[in-house]
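Beneath this line is the structure, given in structure tokens, with notes to follow.
The values are calculated or read from the model by the stated rules, or taken from the named source; none is laboratory data. All of these numbers come straight from a predicted model, not from anything done at the bench. Note: ideal-geometry Cβ built from the backbone for every residue, glycine included; neighbour counts use all protein chains shown.
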Amino acid sequence: MPEALLRAERISVRYGRVDALHPLSLAAEPASLTLVLGPNGAGKTTLMKALAGAVELRSGAIWLRGREISALPAHRRVRTGIALVPEGRGRLPGLTVLDNLVLGHNGASRERRRARDGDIDEALALFPALKPRLNQDCSTLSGGEMQMLAIARALLAKPHILLLDEPSLGLAPLAIARVYEALAKLLDQGLGMVLVEQKAVPLRAARETTIVLRNGRAVFQEARRPDVDELAQLYLGARAA
């Protein structure tokens, strides 16, 4: 079996007196997809923030490529090889598309960073719609273009694993198709992904795990996807793990 890129052991998060994420373990490998599903308020975004270092763990530990990163802040986790595309696309108004891409490139570790122009050209090859927009304020982009930019910016940090929080949220069907086409290429190239959505996604990997969260707990965690009826039961609480 390939070495786990990302491994979390019984991580949990509490906001004040509220348990937002109950102890959960996961492992993500190269070219693997970990799909995290669940209704609003299920704890999906909290899980992603915990993996990325944006919230403090109450318990548990996280390793990236065999190195424990539980105590590292978010910006240092980026340099170790983990990148988050947040819900809402993390737009940076007032900056151009090119400014965003340069920021992403600057986040890469020196060991993995290559010539800036070459890295940016590689990202633009994945999302050609951004190329004529390089000098445009990113706040003027369409929703689909903003999502492409957010993913491209994250990729320029040269991650070993990519975390994506609801990349299809608010996008038109054509934009969703383009985003997921690019994600499929990245999986084929060996990138590991942890992907959050509210419903099933048009993306498959040879190695994948589905986690369904409800009220901060994993009520389903298997190397398969639940069908529509099973997923509805899990969302409504008709079935326990």
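Taking region 103-118 as the range and being in contact (Cβ under 8 Å) with a residue 24 or more places away in the chain and within 20 Å of the chain's Cα centre (by Cα) as the test, the residues that pass are 103, 104, 105, 107, 108, 109, 112.
The set of residues in region 25-63 being closer than 18 Å to residue 13 by Cβ, part of a strand (DSSP E or B) and either touching a Pro at 6+ places or on another chain (Cβ under 7 Å) or not polar (S, T, N, Q) (or both) consists of 26, 36, 59, 60, 61, 62, 63. The condition of being in contact with a strand residue (DSSP E or B) (Cβ under 9 Å, 6 or more places away or on another chain) and either more than 20 Å from residue 102 (Cα to Cα) or part of a loop (DSSP other than H, G, I, E, B) (or both) holds for only one of 174, 183, that being 183.
Residue 10 meets each of the listed conditions (1) surrounded by fewer than 16 Cβ atoms within 10 Å (Cβ to Cβ); (2) closer than 27 Å to residue 168 by Cα; (3) among the charged types (D, E, K, R) apart from (2).
Here the condition is being at pLDDT 95 or above, over 20 Å from the mean Cα position of the chain (by Cα) and closer than 16 Å to residue 179 by Cβ; of 125, 83, it holds for 125 alone. Quick one: would you say residue 218 is small (Gly, Ala, Ser), surrounded by 21 or more Cβ atoms within 10 Å (Cβ to Cβ) and modelled with pLDDT of 95 or more? Considered against the rule, which asks whether it is small (Gly, Ala, Ser), surrounded by 21 or more Cβ atoms within 10 Å (Cβ to Cβ) and modelled with pLDDT of 95 or more, residue 218 comes out as yes. For region 135-144, the condition of being among the β-branched types (Val, Ile, Thr) and touching a residue at least 24 places away in the same chain (Cβ under 8 Å) holds for none of the residues. The residue list 42, 28 contains one member that is in contact with a Phe, Trp or Tyr (Cβ under 9 Å, 6 or more places away or on another chain), buried (at least 19 other Cβ atoms within 10 Å of the Cβ), of a type in the set (A, V, I, L, M) and in contact (Cβ under 8 Å) with a residue 40 or more places away in the chain, which is 42. Evaluating residue 39 against the criteria (1) within 23 Å of residue 198 (Cβ to Cβ); (2) at pLDDT below 95; (3) touching an Asp or Glu at 6+ places or on another chain (Cβ under 6 Å) leaves one unmet condition, (3).
Being surrounded by 18 or more Cβ atoms within 10 Å (Cβ to Cβ), under 18 Å from residue 39 (Cα atoms), of a type in the set (A, V, I, L, M) and touching a strand residue (DSSP E or B) at 6+ places or on another chain (Cβ under 9 Å) is true for just one of 236, 195, 191. Which residue is that? Working first, answer last.
Working: 236 fails: surrounded by 18 or more Cβ atoms within 10 Å (Cβ to Cβ); 191 fails: under 18 Å from residue 39 (Cα atoms).
From the options 236, 195, 191, the qualifying one is 195.
Can you find a residue that is within 28 Å of residue 224 (Cα to Cα) and in contact with a Lys or Arg (Cβ under 7 Å, 6 or more places away or on another chain) anywhere in region 75-83? Within region 75-83 (the criterion being within 28 Å of residue 224 (Cα to Cα) and in contact with a Lys or Arg (Cβ under 7 Å, 6 or more places away or on another chain)), the answer is yes, since at least one residue qualifies. Within region 165-175, take every residue that is buried (at least 19 other Cβ atoms within 10 Å of the Cβ) and of a type in the set (A, V, I, L, M) and give me the one that is nearest to residue 198 (Cα to Cα). So, considering only residues that are buried (at least 19 other Cβ atoms within 10 Å of the Cβ) and of a type in the set (A, V, I, L, M), the one nearest to residue 198 (Cα to Cα) is 171.
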